[in-house]
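Colleague: Mind having a look at this structure? Questions to follow.
Coordinate-derived values only; no laboratory data. Note that this is a predicted model, so its numbers are computed, not measured. Neighbour counts are summed over all protein chains in view; Cβ atoms, including those assigned to glycine, are modelled from backbone coordinates with ideal geometry.
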């Protein structure tokens, strides 16, 4: 590690503006999920829409993500992340702000959300972390962790801004305001600093050339995607995400059903966000210095412990915090692991496609898992069966991570070839 310290410092000296811009860019697409709940009641009151109709916007987003995320990743591989990220920020902010123009038409609502969902494809984590992976090697884990912390920024900042605006000026002003604020902050940073390695080479060249992907180290598509490592990694992420995403979405009703009052349950959501941020930072440090597959095995398994504690009953705020922290650590580290291991095992030539495919699969899971938890509750009046069924899935995910091959060291990754 001592011998590599100068290389690490060099990466950060040149790459910190990229991390700053990527973190800002990473905070844009989460606005879809973290602001929806704040607009439900105002829209319901003004237009008489059902809550199912309002939140169907998220279904539109999930469907688009499932089918098109791999193609978005392929585009990143072919033209670089810079132009895609800038395009995504501009279109998203315009489309998000235009939600304020709705006069009560659900067809217009769905049309705007279709445009937003297409813009989100250009704002997926694949875009931002692919640039990081191309310019960081020794400190790749930490750089990715900081970039992915943009998710936490959106979850904390957006509600604090939107709540008072809706209360004082109405929901239309809130849509335009959030779009304008994010555009004013993120777009200048992206234009100034967001360059992947290929983007940077193109910008410095007097005669920009198309990206010669044959010179980028990495595995071929068939070789990688049919490999045991890729299949195990994708399956582990899907199993873990099934349990964690559904439990997180239903956290407040799960906790209130176990005797926690609503105020405390809302507080636990904040604890979850803080723990997720801590999980990302822990992952960033660990992945740069220790065994990635060991970390994956531990982090994918510990939510099973949280669920077991939850199923014991007799909940109070203290042990509820322990449960939520275990869940948050895992949810924060999960995508970091997928991003890091995809680059480590398969290189950067087709990185966008490989990671984008996993993102698409997780989008599919995001549409299935909450429905399963909801169905279990409707049939039984509690979530116990769903939590019980999720525990072996988490343990299997941990075992899959433990069975992965050792991740190549930084020098070996840099020398990786396609054969």
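Colleague: Compute the distance from the alpha-carbon center of region 260-315 to that of region 146-171, in whole Å.
Modeller: 23
Colleague: Now, a different point. Can you sort 287, 362 so the residue with the fewest Cβ neighbours within 10 Å comes first?
Modeller: Taking fewest neighbouring Cβ atoms as first place, the list is 362, 287.
Colleague: Name the shape class, rounded, prolate or oblate, that the alpha-carbon gyration tensor gives for region 263-331, where a ≥ b ≥ c are the square roots of its eigenvalues, rounded holds for a/c under 1.5, and otherwise prolate holds if a/b is larger than b/c and oblate otherwise. Walk me through the numbers on the way to the answer.
Modeller: Working: a/c = 3.92, a/b = 1.70, b/c = 2.31.
Because a/c hits 1.5 or more and a/b fails to exceed b/c, region 263-331 counts as oblate.
Colleague: Stretched out fully, how many nm does the piece from residue 71 to residue 56 gain, at 0.36 nm a residue minus the Cα gap?
Modeller: 3.0 nm
Colleague: Something else now. In µm²/s, what is D for region 129-287 at 37 °C and 0.692 mPa s, where D = kT/(6 pi eta Rh) by Stokes-Einstein and Rh is the Kirkwood radius from Cα pairs?
Modeller: Details: Rh = 19.8 Å.
The estimated diffusion coefficient comes to 166 µm²/s.
Colleague: Would you work out the relative contact order for the chain, in percent, from Cα pairs under 8 angstrom that are 6 or more residues apart?
Modeller: 26
Colleague: Among 285, 112, rank each residue by its count of other Cβ atoms within 10 Å, from fewest to most, as a rough exposure measure. Walk me through the numbers before you get to the answer.
Modeller: Numbers: 285 13, 112 22.
Fewest-to-most Cβ neighbours within 10 Å comes out as 285, 112.
Colleague: Then there's this: Please state the relative contact order of region 221-405 as a whole percent: Cα pairs under 8 Å, 6+ residues apart?
Modeller: The value is 42 percent.
Colleague: If a/c stays under 1.5 just call it rounded; otherwise compare a/b with b/c (prolate if a/b is bigger, oblate if not). Do that for region 15-202, with a ≥ b ≥ c from the square roots of the Cα gyration tensor eigenvalues.
Modeller: Prolate shape, in that a/c is at least 1.5 and a/b is the bigger ratio.
Colleague: Tell me the label-point distance for the pair residue 20, residue 395, using the 7 Å Cα-to-Cβ offset, in nm and rounded to one decimal.
Modeller: With each label placed 7 Å out from Cα toward Cβ, I get 4.8 nm.
Colleague: While we're on this one: As a test of understanding, state the convex hull volume per residue of region 1-80 from its alpha carbons, in Å³.
Modeller: Measuring per residue, one finds 163 Å³ for the Cα hull of region 1-80.
Colleague: So what is the relative contact order for region 131-196, in percent, with contacts set as C-alpha pairs under 8 Å and at least six apart? Before the final figure, lay out the partial values.
Modeller: Details: 22 pairs, mean separation 24.7, N = 66.
It comes to 37 percent, rounded to a whole number.
Colleague: I'd like the distance between the alpha-carbon centres of region 1-70 and region 355-379, rounded to an integer number of Å.
Modeller: 18
Colleague: A further question follows. Quick check: from the Cα gyration tensor, does region 95-184 come out rounded (a/c under 1.5), prolate or oblate?
Modeller: Cα axes put region 95-184 in the oblate bin.
Colleague: Now for a different question. Counting other C-beta atoms within 10 Å, which of 384, 288 has the fewest, and how do the rest follow?
Modeller: Ordered by Cβ neighbours within 10 Å, fewest first: 384, 288.
Colleague: May I ask you to derive the FRET efficiency for residue 256 and residue 235 from their Cβ-Cβ distance with R0 = 30 Å, giving the value to the nearest 0.05? Provide the component values of the computation, followed by the final result.
Modeller: Working: r = 33 Å, r/R0 = 1.10.
According to the calculation, E is roughly 0.35.
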